[in-house]
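Written below as structure tokens is the structure these notes are about.
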Amino acid sequence: MADFSCPICGGDKFVDFRGRTLEECKKCKSKARERAEILALKCLGYFESKKKKILHILPDRAAARFLSKTYGKGYTAKTIDSMAVDFVECESYPDLDALIESANDKYDIILHNNALEILSGLPMDAVTKLDGLLKPNGIHLFTVTVRGPRTDEGGGLMLDEAERSKRFGRGDRNRLFGAADFPRALATVRRQSNPRFNFAARFSDSDLDRWRIPPSEFRDINSNTVFYYVAPSFSEVVVEATAAA
Ligand SMILES: [Zn+2]
């Protein structure tokens, strides 16, 4: 049997979760995408300093515990009233739009999963706003729920809850993202050529498998794809401002 190791807690036992083989770490309960995001942060050097400010939106349990323990007071979690959180101290808002509207601090790391599909407002406006809250070299990482190649949009008053439930699998979702449409839209908004974190380019399949980040699932665009953006460093910002002056 292969030797497994969780990049969050070091645990070596994994169990199936909702039909996904060895998806959940038995010790910290992390799922593959949480391990992938923590791994991305590790390999980009974000854990080299404990003095960082983190904004975790709709936090997942294992990553929340790990990040709050690592960064202490620098860690802030925010959720919405319909997704109460009991595993970490968390500010709660009536909905995601109000949560994002309230965010006005500057952060080194902003992280969220499966949030943009429940937003009532425009997803790219939220992405732009959150990107704008990054400190120099700060990173914004997230996943979204992806189904098929085309984004299927029903936000605002376009569809009622019953119809959204039928079309998007859950009544609180306003859309599902397309594997072709979403990265393209994101790349345009961010003027970025590749908006996803490419695990296959950085790690071998056997390493990814050891961390239970199934290489096949992290190769294509799907609900496990980690999209990321790193804000320009301070010197790049100065150069841009000087060039524009
Ligand atoms: Zn673990």
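Taken over the range 21-43, the residue count meeting the criterion of being away from the ligand (no atom under 14 Å from the Cβ) and exposed (fewer than 15 other Cβ atoms within 10 Å of the Cβ) is 2. Taken as a whole, the structure leaves TYR46 outside the set of residues that are away from the ligand (no atom under 13 Å from the Cβ) and either of a type in the set (S, T, N, Q) or in a helix (DSSP H, G or I) (or both).
Kindly indicate whether LEU96 is within 15 Å of the chain's Cα centre (by Cα), under 21 Å from PRO136 (Cβ atoms) and either acidic (Asp, Glu) or buried (at least 21 other Cβ atoms within 10 Å of the Cβ) (or both). No, not satisfied. Looking only at the range 76-119, residues that are in a strand (DSSP E or B) and farther than 11 Å from LEU58 by Cβ come to 6 in all. Pull up the range 137-168, narrow it to residues that are free of Cβ contacts under 8 Å to residues at least 24 places away in the same chain and among the small types (Gly, Ala, Ser), then point me to the one that is surrounded by the fewest Cβ atoms within 10 Å (Cβ to Cβ). Per the criteria, the residue is ALA162.
From the list LEU134, LEU176, the lone residue that is within 18 Å of ASN224 (Cα to Cα) and in contact (Cβ under 8 Å) with a residue 24 or more places away in the chain is LEU176.
Among what's in the range 102-125 and is surrounded by fewer than 13 Cβ atoms within 10 Å (Cβ to Cβ) and not acidic (Asp, Glu), pick the residue that is nearest to SER223 (Cα to Cα). Residue satisfying both the conditions and the ranking: SER120.
Taken over the range 204-216, the criterion of being buried (at least 18 other Cβ atoms within 10 Å of the Cβ) and in contact (Cβ under 8 Å) with a residue 24 or more places away in the chain is satisfied by TRP211, ARG212, ILE213, PRO214.
Which of the residues spanning the range 149-171 are over 17 Å from MET83 (Cβ atoms), in a loop (DSSP other than H, G, I, E, B) and out of contact with any helix residue (DSSP H, G or I) (no Cβ under 8 Å at 6 or more places or on another chain)? Matches in the range 149-171: GLY155, GLY156, LEU157, MET158, ASP160.
Residues of the range 172-203 that are assigned to a loop (DSSP other than H, G, I, E, B) and buried (at least 17 other Cβ atoms within 10 Å of the Cβ): ARG173, ASN174, GLY178, ALA179, PRO195, PHE197, PHE203. Of all residues in the range 1-20, those satisfying the criterion of being surrounded by fewer than 17 Cβ atoms within 10 Å (Cβ to Cβ), within 14 Å of the ligand (Cβ to nearest atom) and assigned to a strand (DSSP E or B) are VAL15, PHE17. Only one of the numbered conditions (1) basic (Lys, Arg); (2) away from the ligand (no atom under 15 Å from the Cβ); (3) more than 16 Å from ILE213 (Cβ to Cβ) is not met by ARG65, and that is (2).
Bear in mind that the values in this text are calculations on the coordinates, not laboratory data. All values derive from a computational prediction rather than experimental measurement. Virtual Cβ from ideal backbone geometry, glycine too; neighbours counted across all protein chains shown.
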